[in-house]
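Asker: Here's a structure for you.
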Ligand code: ARG
């Protein structure tokens, strides 16, 4: 590697040091952002009189041509250059010669890399928010399509109370909506400009930071030059947002793995999204969902990795911070792909209505309704709970469901039970009698479906 600033060194860098320290193999991801930052910086240098017309024109032309080559995929990075910043400067020098030497005026790679990474992160935050919207739309679509389907709702993986499948799906819409809000909030803190902070202390040159800010579309300036070059909160926050998204997709995947399992058999995977076994011909494996669940580990790992990198770093920039990129790039790529796949997969998932109906008949899903019926008849809830429990035991002991008990058997448990109780004891119809806001009832579910459809269309 050619030392770009040979000045103070007598001998060359050890090849192992070069190999160990290089980041060009992965930070070429930041090529477009690095050129954009340099273009804005050069424009400002010209405006404040630090670059002549001729030099500025040459730099702009050179950077534009590099930008074109990056966009078209033609740009090749020489591994002899340590990182993306030095690569692009070297490339510019090769293309335009002498004027390129003025580009780094008043700038350090420390504020440069922080700027590039904020530009990159901001762009990806927008991509992820778009992907979340697509996934939410897919969930709303399936909810709408299956809006009449009642399934058992669970706590502790025990059948608990009947719910509309759409309500279950809309629970994920709520989670992903919060994930989007969180990402949007994190974007506000990401969208601040570090450039103009120099290596750590600012510069004696009269740079116009606000001009660069406007040029690059940042909302505000990083206010403290030392903080600006060493802060990676925005990366950590982004990784946290991505981790929570991954955890939510993992839970969704886990639910669908249950639904499509041979034990549940409530839903069926489309052929296009099922994988076979190399030995067992009958298998339809949910690899997409298992990988979705599995990839959560590396996303959360990236978050923990960055937290550890920053822990205990003295002010200000330290080379440790170069370790911020790979975890961030990997987590963004992973979550982006997971969200894209899930949104494409969900509409292909089909549900078995007969199986859902059969599942509802088993497990005393109407026991709570019976207790609430007794409350309406004036019994204190604790006593109602007890009566319903006694009847469940009686039914269970004799291999029946609650509705199979005779009215006399019911009345023996409580004289308050009228003949009208039988209308309540159908789990398939229970959701229709949930009364509270946000319940698993057809009314509140259709309200949620309409509201989200509208919000997502905006
Ligand atoms: N490749 C470095 C990074 O990613 C760029 C900044 C290098 N600055 C320095 N003073 N060595 O952090």
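Asker: Give me the percent relative contact order of the stretch 240-387, please, defined on Cα pairs under 8 angstrom at least 6 residues apart.
Answerer: Computed value for the stretch 240-387: 26 percent relative contact order.
Asker: Next question, about the same structure. Given an 8 Å cut-off on Cα distances and at least 6 residues of separation, report the relative contact order of the stretch 318-458 as a percent.
Answerer: 18
Asker: Under 10 °C and 1.306 mPa s, how fast does the stretch 297-344 diffuse according to Stokes-Einstein, given a Kirkwood radius computed over C-alpha pairs? Answer in µm²/s, whole number.
Answerer: It diffuses with D of about 134 µm²/s by this estimate.
Asker: Determine the relative contact order of the chain: mean sequence separation of Cα pairs under 8 Å and six or more apart, normalised by residue count, in whole percent.
Answerer: For the chain, the relative contact order is 16 percent.
Asker: In addition: Under 10 °C and 1.306 mPa s, how fast does the stretch 169-219 diffuse according to Stokes-Einstein, given a Kirkwood radius computed over C-alpha pairs? Answer in µm²/s, whole number.
Answerer: 117
Asker: What is the helix-to-structure angle for 233-260, meaning the angle in degrees between its Cα long axis and the longest Cα principal axis of the chain, kept from 0 to 90 and rounded to the nearest 10?
Answerer: Once rounded, one gets 30 degrees.
Asker: Only counting other Cβ atoms within 10 Å, I'd like 250, 433 sorted with the fewest neighbours first.
Answerer: Final ranking by Cβ density, sparse to dense: 433, 250.
Asker: From the C-alpha coordinates alone, can you work out the Kirkwood hydrodynamic radius of the stretch 297-410, in Å?
Answerer: 20.0
Asker: Two-decimal Rg/Rh of the chain from alpha-carbon positions, Kirkwood Rh? If you can, show how the numbers build up before the last one.
Answerer: Details: Rg = 30.6 Å, Rh = 26.4 Å.
Rounded to two decimals, Rg/Rh equals 1.16.
Asker: Would you please report the Å³ per residue occupied by the convex hull of the alpha carbon atoms in the stretch 323-390?
Answerer: Cα-based convex hull of the stretch 323-390, divided per residue, equals 203 Å³.
Asker: For a footprinting-style exposure proxy, rank 96, 66 by other Cβ within 10 Å, fewest first.
Answerer: Going from sparsest to densest Cβ surroundings: 96, 66.
Asker: When DSSP assigns beta bridges and you keep just the ones with both residues in the stretch 135-269, what percent turn out antiparallel, to the nearest 5?
Answerer: 75
Asker: Also: Rounded to whole Å and sorted largest first, list the principal axis extents of the Cα atoms in the stretch 119-257.
Answerer: 70, 28, 18
Asker: If you don't mind, another one. Show that you can apply the helix-only estimate: for the chain, add -39,500 (n - 2.57) for every DSSP H stretch of four or more residues, divide by all residues, and state [θ] at 222 nm to the nearest 500.
Answerer: -19500 deg cm²/dmol
Asker: Report, for the chain, the % of DSSP beta bridges that are antiparallel, rounded to 5.
Answerer: 80
Asker: Another question, if that's okay. Evaluate the stretch 187-296: find the radius of gyration of its Cα atoms, find its Kirkwood radius, and give the ratio Rg to Rh.
Answerer: 1.34
Asker: So what is the orientation-averaged projected area of the stretch 262-336, using the convex hull of its C-alpha atoms, in nm²?
Answerer: Result: 7.8 nm².
Asker: Based only on other Cβ atoms within 10 Å, what is the fewest-to-most ordering of 29, 82?
Answerer: Fewest to most other Cβ atoms nearby, the residues stand as 29, 82.
Asker: So how tilted is helix 84-96 from the main axis of the chain? Cα-based, degrees 0 to 90, rounded to 10.
Answerer: So the helix axis and the longest Cα principal axis differ by about 40 degrees.
Asker: To check my understanding: the extent here is largest minus smallest coordinate of the Cα atoms along each principal axis. What are those three numbers for the stretch 57-139, in Å, largest first?
Answerer: Each principal axis gives a Cα extent; for the stretch 57-139 these are 57, 28, 27 Å.
Bear in mind these aren't lab numbers, they're just calculated from the coordinates by the rules spelled out. Note that this is a predicted model, so its numbers are computed, not measured. Here the Cβ is made from the backbone with ideal geometry for all residues, glycine too, and neighbour counts use every protein chain on show.
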